[in-house]
Every structure is written in C-alpha cells, then in structure tokens.
Amino acid sequence: MAYKLNVNGKVHQADVDPDTPLLWTLRDTLGILGPKYGCGIAQCGACTVHVDGQPIRSCVTPVSAVTGRITTIEGVGASAVGKKVQAAWTELDVAQCGYCQPGQIMSATALLTSNPKPTDADIDAAMSGNICRCATYTRIRAAIKRASGQKEA
Amino acid sequence: MTRELTGASRREFLTAASASGLVISFAVASKAEAQAGGLSRINAYVQVAPDGWVTITNKNPEIGQGIKTMLPMLIAEELDIPWEKVRIDQADSDPAVYGRQFAGGSMATPLHWEDHRRVGAVARAMLIQAAAQAWNCPAGECTTTAGVVLHKASNRKATYASLATQCAGITPPDPKTLPLKDPRDYKIIGQAKVQYDTPKIVTGQPLFGIDVVRPGMLFAAYEKAPVFGARVASADLAAAQKVKGVRKAFVVEGDPKAVQPQPGQIGGGLLPGVAVVADTWWAAKKGRDQLRTSWQEHPTSAQSSAAFAAKARELSTAKPQRTPRNDGDVDAALKSAAKTVEAAYAYPFISHATLEPQNCTAEWKDGKLEIWAPTQNPEPGRQLCAKTLGIKPEDITIHMTRCGGGFGRRLANDYMVEAAWIAREAGAPVKLLWTREDDMRHDIYRPGGFHYFRGGLDAAGNLVAFHDHFVSFGEGTGFAPSAGMGPTEYPARFVPNFRIDVSTMPLGVPTGPLRAPGSNALAFVFQSFIDEMAHAAGADPLAFQLKLLGDKPTVGEAPALYGAGRMAGVLKAVGEMSGWANRSKLPKGEGMGVACYYSHLGYFAEVCHVAVAADGAVKVKKVWVAADVGRQIINPHGAMNQVQGSVLDGLSEALHQKITIENGAAVEGNFDSYPLMRINEAPPVEVKWVITDNNPTGLGEPALPPAIPALTNAIFAATGKRIRSLPIDPAMLKT
Ligand code: FES
Ligand code: FES
C-alpha cells in the first residue's frame, strides 16, 4: 500500500503494509531517524512524534491510522515552543546518552503548547510516559521550567 | 560518523608508550600526509584547520558519560585554545594509536587526567617551536594565548592555524619534560561545558548505532532460545520467507557454550538462533514471528530464582565452601558480645536495559569486515568476530557510534558478532536490531546474591564481630562474572573479629558488570547491616559510621587502600548539608537514612529523606550527596549529571528492578513488567563536591551504590521496618 505522509511540512510516499508502525515507516522507509525505538509497546516514549500537534507513540500507531500532519524531532524546532524547548535542553545540557531526548522534547513541546506554565504536577503527568534510562529527570524538569519562563526551583 | 583518518592513521603515527603504559601518538608523517584535507595534523589527537578551528579526537566510546566532551577539554586546556574553536571527532577502534579504548570502571579520568593534558602540551610546544624557528628566537621566550603564539620581546605573534603546517617537520618533545598549567590558570577545566553532541541530540540527528545507514543495507532480527545456549530444534523458515520484504531466513548453529565469556571477553559470543533478513526491520520482525521455533532440551532449563533462594538458605547453614577472610575469632567474639544481631539479605538479578536496545551494522567487502557498533569495548569485539568468523583481526574495521546508554551492557559484544555473521550469510550490509524483549531476556545480568550476617557489639556499643556467609554463583573456586566479593569489602579491616565465608551455586544464566559492579549490591547489604548494628547499639547511625571508620586517615595499601579519613570527610559533609541533626523533627511516616561507600576510587556519603504512606508507597523526597573525587571537577556540568543520574539509577533499582529466572530463562521482557523510575518518582538530588588534594577520579559509577542503602535505611527510620530484600515491597510497609 502506498501512503502519503506529511512529515515536517513535506509530503512523502511510503509503500508499506498497513500494519507497519509509523515509527518504522519513518525510520526505515523514509529515513527519518530522530524518533527512536525503545520498547515497541507504548511504555517508554522514545518514539514520540506529533500528529496535528498531539503527542503519539509511533511504535504502536499503524501507518494506516495516521491522517494528520506529522512532526518529528527534526521538525519541532519550526514552532516557537519547540525551539524554546530545544534551547532550554541545550543550555541546561539535559542529555546524558541522549537516546530518550527526542521523545522527551516532543512530549515537553506538546505540554507547553497546551499549558504554557505547567506546575510540577502537570510536568509529572505529561512526562511520566517518557523513560530516561540515564535518569536525567532533574534536568528535564528544570528545562521545562526554563522553557516556560518559570523559576527552575 | 567515520573519521577522515581511519585505518590509515595507524601508519601515520609513531606510538610512544610512557612508563605508565599510557600511549601518546605523535605525527611523523610526511608533510603531505600530515596535511591531508587541508588540515594540519599535529598528533593523533590534534588537527588544526587553516581557519583556526582545532579538531580534537576523542579516543573512548561515548555512552552518555560525557567522555567525548571531557577528554578533549583536557587536551584543549594545555593546548591553550578557546573551547569555542574546538571540533570533536570520534576515533575508530585503533589500539595501536590510542591504547585501550573502552568505557568502564569510571577509569577514563584517572587514566587520562595526566596524559591527555600532556597531549595538548606537546602540540602546544610544537607550535611554539614552529614559531621560534620562523622568528629565529629561543622557544623559551615564546608564550601562547587562545590559539596564538606570542613573542613579547619582538612584539610578534602568529596563529596556530598559520603555524600548524610547519609542525610536520618538528620532533615532538618528551611529554614528561613539559610543565603543565597551574590550575589557577585553567580556562576550560573546571568550567561547565555542554556536551559537544548536544545540538545534534536535541534536533534528532543520527548519532546512535541504531541510526547507521549503509547503501543497500538490509535489516535483521535474530531469535535465540529463552534458555541461554539452547540449540534450534526446528523453525519454519519457509513461513518466514513468505512474509513480504523478507529476503532470507536461516539457522545459525552458533556455539551453545558461548553463554559464558571466553578469556579476555566480557559477556558471551555467537549463540545458536534463527536469523531473518529483510528490506525493513519491521518485515524482518514479522518474518521472525512466523518461525514458530522450537528449541532443544538444555541442562539449565530447570533453574529458577525460587530454587536459587531455597538452595541459598540451605547452603547458609552448611559448612561454607571457602573462607577468604578470617580475622580474630568471630565465633568467640559473638559469644562474648553484649548484643548480637542476625539478618539475611538478598538481591535479585537485574538487567541493564539500555534505552537503545543492542544493535550493530556490519558490512563485508572483499573478505574484509566493517562494523558500526554502539560498543563500550571494541577491541574484544574485534577478537570475538575474528575468532568466530575465522578471519584476521586486522581485516576488521570498527567504527564506534554514540551509545544509547551503556551501564556495562556494551562491554559485551555478542550483538556485534551476530551482526557480522548474519551480514556474511546475507551477502549485504546488515543492521541487526534486537527487540526490547531480546535485550531484556538476553542480557548479561547483574547477578543476584544472598548474605547471611551476624554482628556483635560490646558493652560500649562498638562493632566487635562481623560475619558474612555470602551465597553467590559460580563453580569450583571461582565466582560467576560480577558475582564475586573481595576479601577487603568494608568493614573488613575495621572490625577486629571479621569473617567472610563463601558458598556458590552453579548458574546457567549469563552475568556481567552493571554500573558499579559488585558495589551496586554489596553497598546495600553491608551498609544496611551496619545501620542495623547502629540501631542495635542505640546510636546515631551517622555517628556510629564515623566511630567505625576510626581516626586513621588510611587503612591498607593500594590497590586495597581505604581512605577512612576521606570517607569521614564526606560523611560529615552530608550530615551538615542534609540537616541530619534535626531529623527527629520530621513528621510521622518520614525518615532519613545515611550510607557511605567507596568504589571506583571515589568516596561518597549520601542521605535520603523518605515518606512512607499508610499503603506502603515510598516517596523519596530528597537525596543529598557529598562526593570526594579529588582536587578537580573537570566538567562540572557532566559531573553533576552523572552523580544525579547515578543516584536516581540506584533508587530505581531499589524500588523496581528485578529479573525473575524461571525454567532457565528470564521472565520479564519489557518495561511493563520491568519498570524503571519515571519523572514523577524522581526526587531532587543535591550534590556537594568535597575537594581534597588527590588526583581526580571518575564519576560514572561511585555515586550509585550508597543511594540504595541510604534509601532503605531511611525507610527503617520512617517505619521501623527493615528492607532486607530488593526490590522494595510496599506491601511489607503497609501500616
Ligand atoms: S518505542 Fe514507542 S513508546 Fe517505547
Ligand atoms: S539521556 Fe539516556 S536515556 Fe535519557
């Protein structure tokens, strides 16, 4: 099956089976490697992308179910919020290995887009689907605060 | 990802091994070679471009410990260049040029603190020499600042970029003869530097093993037996091959014995299995799902965690198999003690669970093998591939990608040899990727273990007797990998009557180093039991720890030297910063615990503050860390990240992690059954560097071990219930 996918503002054609997860379509067919594989069962958030601004786990989303505009870590900097989040992540040097961070940044950008001044509880709720095996949680929280112009505690 | 000078670089440098065994390579290339690509290479680590940018090579694998930034900082400091003009290049595996290249044991700082500064100093001296020759003045009259050589007397200056082309003709000075900077003049060391790859990480650029793409590359999935080392009995290869996109499915005979490491290796080799190669990884996985593989019977298929626990109990009361330490007379001292305590401790197998599952890309061309691997330990991988595939080690090129976590898992290279084998069979470049379930069920696990303690106090509350019957895994007189304990495990040498007995059980499950190997389990049991003794003595646990350390600054000799004075220093510091003295004011259900531990040359004391709810739920409110890793924190940014991450990693192990062995195989396969700490559970971690006049040491590991007993000791303070088995069971804490 050929699917038309709008990824980061560009339309791509992907000829894959309907049950192929969006993650593998992006990575192996379209060569968009930012979204990562960590678990394949919606447990870790490494594969998080936006569809029409909503964060989804691309590892469990069949390509046939995707209708909206897809944004990945490669394209998230095009929005003002995404750019701010990337800047905060850089300034505080959140990453250790960095493998989870594309997913963290996608979740954080979605959070700040809908909730520009999240509380700690809001951050916990929005970010607890994203595992960081290196446990950079202290800095993830601080970077979200910074990107939202709040005190970093 | 590939370096311009890979492979060929071996021939371009003379290697000078210093007395300490550290290697510094210097250019002796012809001018043409040294100036390939418009860049002037001054030595194996330093290249200067005509526009003034300096490229510094990082020799070691980057696994998230920040080494790719930290090692070049050492070179850049003594080279005397602005950090803003530094580019960093990742070396391939090439021990002839770089010496041993690995990420393990928190060793990069102690190994390279000195030699990497000297690499920079040598390059700087050569640039000065080039200027002095051009100006016809003594080199000793020249100075440098920010990438420029100055001759004050004649008011001349020249940029490194303009001088670098002249360095090819200059003999490098003996690095040992060069003076190094006064730390007060440091401009880079001690400054918080953002990781070099951070801009790429936050924009999702391909950096990791899983991101490698080669022209014509195929994708592979590899299925191995749940019971480690079992052979394939049958597999429906035809069904797999029918799946769209699948190119090939085949059985790999492998070596059933490759569960255990060969000499020089960590982790196993090529185990039997079935490979499916396809146009995409998803197709390979779908093909694999059709295999319905059955496996042959295997001698370890009856092993289980429950049986290990039962056997350990039985062994604990039997005569020990050996007694590696026996000071004084423990039995007599226990008999005459004013008070005695007995306790049985246990910890489970746990998995590394690097967030990037094991993977590797391999390509064959003209009998030569090229590999792109997220590995912590490339050279043993080369040897493993050479031996398994029957090729020469020099016909293998290994490129090291950034690793999505390491924690010791990637010291093994099982995934590398699998990729190499499958690529040769497939006749195409192949990226092998393990599923999360493959990764969790084919780990080299942190081994479980059992400790049966007895302790005795005299009338004054001094710890006078200490006995551990350690029941672990192994055969004969050896321990299974990372399942051992040395005879100087603290508080050995601090208690007059001290005995360690050991008994072991055979194990079919592969084990290996996990971040702070040994220590990550031993700190929990020893520091918990010391806390038990403190409470039995009616003492303040922190004061009890200080008393136990005594007043000698050091005990024993290197490599078994224990800096008791340094440990006392961090204990006092953590007591102050945490408000330990006021802990009695905490509300009901809350408590503070303290623990300390020496590992990887670092001294760490930590206090944990917990709240335990009526339903037994444990909330860690804060952790304080006092750390003594010597006189200099090289990159405070990275250092802090390592310590905070290590502490949370330890808490995550204590709160959640457990691999259950049943029927000879690991039960848990993914993060639904093997949870890791998430952000909602992560407390703030406050860190204080206790600066002492010792050489700087590493931070990848030593903050982890004491975090676990600090937590469990805090739970005791909050609830009066002693955690003697991990992970913590909230049901046990219900009130
Ligand atoms: S890979 Fe999708 S949530 Fe883990
Ligand atoms: S930085 Fe390594 S998993 Fe998050």
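The values are calculated or read from the model by the stated rules, or taken from the named source; none is laboratory data. On a predicted model such as this, the values are computed, not experimentally measured, just so you know. Every residue, glycine as well, gets a Cβ built from its backbone with ideal geometry; the counts of neighbours run over all protein chains shown. For the accessible areas, the whole protein counts, side chains as well, though only heavy atoms, and no ligand, DNA or RNA atoms are used. Shrake-Rupley method; radii C 1.70, N 1.55, O 1.52, S 1.80 Å.
Just check the protein assembly as shown against the gyration tensor rule for me: Cα atoms, a ≥ b ≥ c as the square roots of the eigenvalues, rounded for a/c under 1.5, and otherwise prolate or oblate depending on whether a/b exceeds b/c.
rounded
Suppose every Lys and Arg Cβ carries +1 and every Asp and Glu Cβ carries -1, with no other charges. What dipole size does the range A:2-71 come out with about its Cα centre, to the nearest 20 debye?
240 debye
Charges at C-beta only: +1 for Lys and Arg, -1 for Asp and Glu. How large is the resulting dipole of chain B about its Cα centre, in Debye rounded to 20?
Values: 76 positive and 71 negative charges, 121 e Å.
It comes to approximately 580 debye.
Need one number: nm distance between label points at B:ASP551 and A:SER114, each 7 Å from Cα along Cα→Cβ, rounded to one decimal.
For the pair B:ASP551/A:SER114, the computed spacing is 6.4 nm.
Quick one: length gained pulling B:GLU686 to B:GLN205 fully straight, 0.36 nm per residue minus the C-alpha distance?
Full extension of this stretch gives 169.9 nm more.
What are the ³J(HN,Hα) values, in whole Hz, obtained from phi via the Karplus relation 6.51 cos²θ - 1.76 cosθ + 1.60 with θ = phi - 60°, for each residue of the range A:67-83 in sequence order, with x given for Gly and Pro?
10, x, 8, 9, 10, 10, 4, 5, x, 5, x, 6, 8, 4, 5, x, 5
Over chain B, what is the percentage of antiparallel beta bridges among all DSSP beta bridges, to the nearest 5?
Bridges in chain B are about 75 percent antiparallel.
If you take the accessible area of B alone plus A alone and subtract the pair, what total do you get in square angstrom, rounded to 100, with a 1.4 Å probe?
Approximately 4500 Å², summed over both chains.
Just the number, please: carbon plus sulfur as a percent of the accessible area of the protein assembly as shown, 1.4 Å probe, no ligands or DNA/RNA counted.
Carbon plus sulfur share of accessible area: 53 percent.
Residues of the range A:115-143 with amide nitrogen under 15 Å from the 7 Å Cα-to-Cβ point of A:GLN150?
A:115-128, A:138-143
Return the residues of the range A:90-118 for which accessible area with all protein chains present is lower than in the chain on its own by 50 Å² or more; set the probe to 1.4 Å and exclude ligands, DNA and RNA.
Residues passing the criterion (a loss of at least 50 Å², heavy atoms only) are A:THR90, A:ASP93, A:GLN96, A:CYS97, A:TYR99.
In nm, to one decimal, how far is the modelled label at B:LYS181 from the one at A:ASP52, with both set 7 Å along Cα→Cβ?
Reported label-point gap for B:LYS181 and A:ASP52 is 5.6 nm.
Calculate, for B:GLU662 and B:LYS734, the FRET efficiency according to 1/(1 + (r/R0)^6) with r their C-beta to C-beta distance and R0 35 Å; round to the nearest 0.05.
About 0.80, to the nearest 0.05.
I'd like the distance separating the alpha-carbon centroids of the range A:98-134 and the range B:618-697, in whole Å.
What the calculation gives is 20 Å, centre to centre.
Can you bin chain B into rounded, prolate or oblate? Criterion: square roots of the alpha carbon gyration tensor eigenvalues sorted a ≥ b ≥ c, rounded for a/c under 1.5, prolate for a/b above b/c, oblate for the rest.
Oblate shape, in that a/c is at least 1.5 and b/c is the bigger or equal ratio.
Which listed residue (B:ALA353, B:ALA153, B:TRP434) has the Cα farthest towards the positive end of the charge dipole for chain B, taking +1 on Lys and Arg C-beta and -1 on Asp and Glu C-beta about the Cα centre?
The residue sitting most towards the positive pole is B:ALA153.
With viscosity set to 1.306 mPa s and temperature to 10 °C, compute the Stokes-Einstein D of the range B:169-303, Rh being the Kirkwood radius across alpha carbon pairs; µm²/s, no decimals.
Value of D from the Cα-based Kirkwood radius: 81 µm²/s.
Could you tell me how far the Cα centroid of the range B:326-356 sits from the Cα centroid of the range B:558-591, in Å?
21 Å
Towards the positive end of the charge dipole of chain B, with charges on Cβ (+1 Lys, Arg; -1 Asp, Glu), say which of B:PRO61, B:ILE188, B:VAL625 has the farthest Cα.
In chain B, that residue is B:ILE188.
Taking chain A as a Gaussian network, Cα atoms linked when under 10 Å apart, which of A:ILE105, A:ILE140, A:ILE41 shows the biggest mean-square fluctuation?
A:ILE41
With +1 on each Lys and Arg Cβ and -1 on each Asp and Glu Cβ, and nothing else charged, work out how big the dipole of the range B:269-376 is about its Cα centre, in Debye to the nearest 20.
In debye, rounded to 20, the range B:269-376 gives about 300.
Once you list every other residue whose beta carbon is under 12 Å from the beta carbon of B:ASP327, what net charge do they have if Lys and Arg are +1 and Asp and Glu are -1?
Net charge in that neighbourhood comes out at +2.
Using θ = phi - 60° and the Karplus curve 6.51 cos²θ - 1.76 cosθ + 1.60, what whole-Hz ³J(HN,Hα) does each residue of the range A:3-16 get, with Gly and Pro shown as x?
Per-residue couplings from phi come out as 10, 9, 10, 8, 10, 6, x, 10, 8, 10, 10, 10, 9, 9 Hz.
Per 0.36 nm of contour for each residue apart, how much would the distance between B:LYS365 and B:GLU576 grow if the chain were fully extended, relative to their Cα-Cα spacing?
Roughly 69.7 nm would be gained on extension.
Is any helix in chain B, taking whole DSSP H runs, at least 20 angstrom long along its axis by alpha carbon and on average at least 0.0 on the Kyte-Doolittle scale, and which ones?
B:519-536, B:564-578, B:704-719
Using helices alone, I'd like the mean residue ellipticity at 222 nm for the protein assembly as shown: each DSSP H run of four-plus residues gives -39500 (n - 2.57), total over residue count, nearest 500.
Result for the protein assembly as shown, helices only: -8500 deg cm²/dmol.
Between the DSSP loop rule and a limit of at most 15 other Cβ atoms within 10 Å, which chymotrypsin sites (Phe, Trp or Tyr not before Pro) in the range B:161-220 are left?
Those satisfying the criteria are B:TYR186.
Using 7 Å Cα-to-Cβ label points, what is the B:ASN694/B:ALA614 separation (nm, one decimal)?
4.7 nm
Might you tell me the accessible area per residue for the protein assembly as shown, computed with a 1.4 Å probe and given in Å²?
Per residue, the protein assembly as shown has an accessible area of 35 Å².
Rounded to the nearest 5, what % of DSSP beta bridges with both residues in the protein assembly as shown are antiparallel?
75 percent
Using alpha-carbon positions, what is the distance between the centroids of the range B:500-518 and the range B:149-228, in Å?
Cα centres, the range B:500-518 to the range B:149-228: 37 Å.
For the pair B:LYS392 and A:GLN13, what calculated FRET efficiency results from E = 1/(1 + (r/R0)^6), where r is the Cβ-Cβ distance and R0 = 41 Å, to the nearest 0.05?
Working: r = 45 Å, r/R0 = 1.09.
It comes to 0.40.
Distance check, please: which entries in B:LYS319/B:LYS339; B:LYS658/B:LYS734; A:LYS145/B:LYS658; A:LYS83/B:LYS688 exceed 31 angstrom between their Cα atoms?
A:LYS145/B:LYS658; A:LYS83/B:LYS688
Test of understanding: express the Cα radius of gyration of the range B:207-274 as a ratio to 2.2 N^0.38 Å, with N the residue count.
The value comes to 1.35.
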